[in-house]
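Please treat every number below as a calculation from the coordinates, not as lab data. In this text the structure is predicted, and so the values were computed from the model without any measurement. Please note: Cβ atoms are built from the backbone with ideal geometry, for glycine as well, and neighbour counts cover all protein chains shown.
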Amino acid sequence: MIQLILFLFVGALLFSSIFFLSRRNPRTEGSSKVLVEARQALNSLQSGLLPPELVGRIFAREDFEYVANHTPKHVQEMFRKERKRIALAWVDQVRSEVVSLRRFHLGAARFYAKLKFKTEMTLAFDFAALLLTCRALRAFLYMRGPYAAPRMVQTTAAAAARLCDVSEKALAFLTPSPLSTFADRSAGTAQS
């Protein structure tokens, strides 16, 4: 009788584990969705969020000084609130894109990038430090406003740019080769 109960328990455990494994997220390591998300995150960071001109304009103290010297108090307060909202949104978006890149590196990069162990460990530390910095920067900006931590903003942007460089090398296989080499080869065979 005890053996029957034990077999039924083991059978129920196996059945439930198969059920939960089949219900898991279908995202497998190396899936195309992870690669596409990583490429989109990289493009978003490089062209949309990290250009020095954009970062400089979002956190430009000169804008606030101009508004403070030429507008009434209620406009200054409105400007400060909007700039704070924009700065917080920038940090949140950078963090979100970095999380997408980290997801790629955790699951798929080892299949495609052939990274060395030392590079992977450095990258893991950089991701952890950057995500921690994003959280600290968000808290600091929330409490003190967008003009309180210019060096921290620059450090965050520089760290994200370094991660973008490594990620770009890891995703290089997704970049199509130039068509000019194909056209040159075709022209060479046509002339022969």
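Observations on the model:
- Assuming charge only on the beta carbon of Lys and Arg (+1) and of Asp and Glu (-1), the dipole of the stretch 28-176 about its Cα centre is about 340 debye to the nearest 20.
- ³J(HN,Hα) computed for each position of the stretch 150-157 - Karplus, 6.51 cos²θ - 1.76 cosθ + 1.60, integer Hz, glycine/proline x: x, 5, 5, 5, 5, 5, 5, 5
- In range of the label at residue 81: residues from the stretch 48-74 whose backbone nitrogen is under 16 Å from the point 7 Å along Cα→Cβ: 72-74
- Cβ crowding within 10 Å ranks 34, 153 as 34, 153, fewest other Cβ atoms first.
- Using θ = phi - 60° and Karplus 6.51 cos²θ - 1.76 cosθ + 1.60, couplings along the stretch 73-86 (whole Hz; Gly, Pro as x): 4, 5, 5, 4, 5, 5, 4, 4, 5, 5, 5, 5, 4, 5
- Across the stretch 56-65, computed HN-Hα scalar couplings (Karplus, 6.51 cos²θ - 1.76 cosθ + 1.60, θ = phi - 60°) run x, 6, 5, 9, 6, 6, 4, 4, 5, 4 Hz from first to last residue, x flagging Gly and Pro.
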